[in-house]
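Down below is the structure, laid out as structure tokens.
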Amino acid sequence: MPDTASAAGHRPRAVALMNQKGGVGKTTTAVNLGAAIAEAGRRVCLVDLDPQAHLTLHLGIDHEQIKHTTYDLLVDPDCPAAHCLVTAAANLDVIPSEVDLAAAETDLASRPDRQQILSRKFAAIEDLYDVVLIDCPPSLGLLTLNALALAGEVLVPLQAHFLALQGLGKLLETVGLIRQSVNPNLRVAGIILCMHEKQTSLAKEVVADLESFFQAARSQDVPWRDCQVLRPVVRRNIKLAEAPSFGQTIFDYAPWCAGANDYRILAQRLIETWDAQTESACDKAQASTTIEVTSQLVSRPRKVPTPQARVSRRGPKAARYDRAT
Ligand SMILES: Nc1ncnc2c1ncn2[C@@H]1O[C@H](COP(=O)(O)OP(=O)(O)OP(=O)(O)O)[C@@H](O)[C@H]1O
Ligand SMILES: [Mg+2]
């Protein structure tokens, strides 16, 4: 099994699928991207951080299979992450959710560490996975902040509508705040265009606006400076909307429909990007080790010359003088 991330001793890729706007494709993307990455042989954990529990329902996870949920994980100090895991398919585990998660914000209000509970608890099981996808609720509240504290990167599912860009500023601002406080490595890695209808002129305009916005950010010190509008876009495809009612991923429900193809290729491209980034991080780490070793050798204290050696370096004449005196 290709296992670049953990084989190289790295933490898993933790990705928050985040957009405070509702119904843009976060859950559909978490489920189907996760399933495609798992099919490609990577070990995936999906975290359902939405009280609507749509991800849990989409995967057809039975009530009986669920022992503990994201609510227990966040609120009960004695509930470890390992107790919440449910296996949905080969290479695909889930930390499920239930409606009681809605109470978590109030229940955790007085906890000073409330933004970092998920990341702290998840650390105990991170070795089990190559990729973690967190399905965020449509809000920028405490649940989303917990996702951002665990994540290394944010992918933003988005529909190319007139209002789509409206909430983007607030989203980016939230990521910036979390980066300044609890998670200095957090970055916005990509926009995933969902339910996309590329022939419409509105969609074309919105995509052009997005591209130029992120292009302008390339030279700035902001967490979205490397953000790409990812390709392929996920086309509007009715099979993707039907699959949740059968409790199936698109790869079980209609493996060769347009939606399945889009998510499969998107997963492949992301894996390639992640592998390339891991490789270059390894190269950099190796190079800096080499530089460190070299500089240690260079700066190693020279052997202090003995008086004898000092004499002989001054030449035979001086040596004779030394002997004479
Ligand atoms: N590419 C697509 N083609 C057709 N329907 C889609 C597509 N992607 C998502 N849908 C449908 O659109 C609706 C909203 O999608 P989804 O639940 O993934 O959005 P969400 O952002 O998670 O919503 P929420 O903010 O409520 O959590 C669902 O009914 C889903 O089945
Ligand atoms: Mg959702």
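Where a number appears in this text, it was derived from the coordinates with a stated rule and is not lab data. Note that the coordinates shown come from a computational prediction; the quantities given were computed from them, not determined experimentally. Heads up, the Cβs are rebuilt from the backbone with ideal geometry, glycines too, and the neighbour counts pull from every protein chain shown.
Summary table below
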item	result
Exposure proxy order (Cβ contacts within 10 Å, fewest to most) of 274, 224	274, 224
Dipole of segment 13-289, positive end: most advanced residue of 220, 35, 274 [Cβ charges, Cα centre]	220
Of all DSSP beta bridges in the chain, antiparallel share, percent nearest 5	10
Over the chain: helical MRE at 222 nm, DSSP H runs n ≥ 4 each giving -39500 (n - 2.57), nearest 500	-13500 deg cm²/dmol
Residues with amide H under 5 Å from that of residue 88, placed H, sequence gap 5 or more	93, 94
For segment 109-116, 3J(HN,Hα) per residue [Karplus equation, 6.51 cos²θ - 1.76 cosθ + 1.60, θ = phi - 60°, Hz, x = Gly/Pro]	3, 8, 7, x, 8, 4, 7, 10
Tensor-based shape of segment 124-168 (alpha-carbon gyration tensor, a/c under 1.5 rounded, otherwise prolate or oblate)	prolate
Simple Cβ-charge dipole of segment 13-289, Lys/Arg +1 and Asp/Glu -1, about Cα centre, in debye nearest 20	820
Cα gyration tensor, the chain - rounded (a/c under 1.5), prolate or oblate	prolate
Footprinting exposure proxy for 251, 246, 122 (fewest neighbouring C-beta atoms within 10 Å first)	246, 251, 122
Relative exposure of 71, 263, judged by other C-beta atoms within 10 Å (fewest first)	71, 263
Positive dipole terminus of the chain, leading residue within 156, 103, 188 (C-beta point charges)	188
